[in-house]
Amino acid sequence: MRILLDECLPKKLKHRIEELDPDFIVSTVPEMDWAGAKDGTLLSKAQKDFDVFITSDRNLSFQQSIEDVGIHVLLLVASTNIYEDLLPLVAKLEPVIKNCEKGQFSRIK
């Protein structure tokens, strides 16, 4: 399962997500040299190589038609974007990622 982490998320989350399952291969937007890409362009690029896109951008689902994108978008909802606030949400990711379908949107709180 190929997973892309948005650039608004701490890159340390990559390793925590990879620890959930050996089949989870995680890359970050900066690692792909896509930093600064607008959401529509980013999702278009991501759907070619990834199954899941994880973000904390709460406006993404309002700005983009997720159903038309060939990737599952996961929104992490925490009080801030700092690692310590997002870390408790990582344990909730495994079942969602394993059962994801392209063009779906999930919110993890």
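The values are calculated or read from the model by the stated rules, or taken from the named source; none is laboratory data. Model, not experiment: these values are computed from the prediction. Every residue, glycine as well, gets a Cβ built from its backbone with ideal geometry; the counts of neighbours run over all protein chains shown.
Restricting the search to segment 76-94, which residues are among the hydrophobic types (A, V, I, L, M, F, W, C) and either in a loop (DSSP other than H, G, I, E, B) or touching an Asp or Glu at 6+ places or on another chain (Cβ under 8 Å) (or both)?
V77, A78, I82, A91 - these are the residues of segment 76-94 that are among the hydrophobic types (A, V, I, L, M, F, W, C) and either in a loop (DSSP other than H, G, I, E, B) or touching an Asp or Glu at 6+ places or on another chain (Cβ under 8 Å) (or both).
Suppose the filter is assigned to a helix (DSSP H, G or I) and touching a Phe, Trp or Tyr at 6+ places or on another chain (Cβ under 8 Å); does I3 pass it?
So I3 fails the test.
So which residues in segment 76-97 are within 15 Å of K11 (Cβ to Cβ) and either touching a residue at least 60 places away in the same chain (Cβ under 8 Å) or aliphatic (A, V, I, L, M) (or both)?
The answer is L76, N81, I82, Y83, L86, L87, V90.
What are the residues in segment 95-109 that are closer than 12 Å to I54 by Cα and in a helix (DSSP H, G or I), if any?
V96, I97
Does segment 23-31 contain any residue that is more than 16 Å from R107 (Cβ to Cβ), within 10 Å of the chain's Cα centre (by Cα) and hydroxyl-bearing (S, T, Y)?
Yes; the residues of segment 23-31 include at least one that is more than 16 Å from R107 (Cβ to Cβ), within 10 Å of the chain's Cα centre (by Cα) and hydroxyl-bearing (S, T, Y).
Would you be able to say whether some residue in segment 41-48 is part of a loop (DSSP other than H, G, I, E, B) and not charged (D, E, K, R)?
no
Test R16 against the criterion of being surrounded by 13 or more Cβ atoms within 10 Å (Cβ to Cβ), under 19 Å from A91 (Cβ atoms) and charged (D, E, K, R), and give yes or no.
yes
Mind listing whichever residues of segment 21-56 are touching a residue at least 60 places away in the same chain (Cβ under 8 Å) and crowded, with 17+ Cβ neighbours inside 10 Å?
Listed by number, the list holds a single entry, F24.
Give the residue that is farthest from I97 (Cα to Cα), with candidates limited to residues of segment 16-34 that are among the hydrophobic types (A, V, I, L, M, F, W, C) and touching a strand residue (DSSP E or B) at 6+ places or on another chain (Cβ under 8 Å).
Result: M32.
Tell me whether segment 92-105 contains one or more residues that are at pLDDT 95 or above, of a type in the set (S, T, N, Q) and in contact with a helix residue (DSSP H, G or I) (Cβ under 8 Å, 6 or more places away or on another chain).
No, there is no match, as no residue in segment 92-105 is at pLDDT 95 or above, of a type in the set (S, T, N, Q) and in contact with a helix residue (DSSP H, G or I) (Cβ under 8 Å, 6 or more places away or on another chain).
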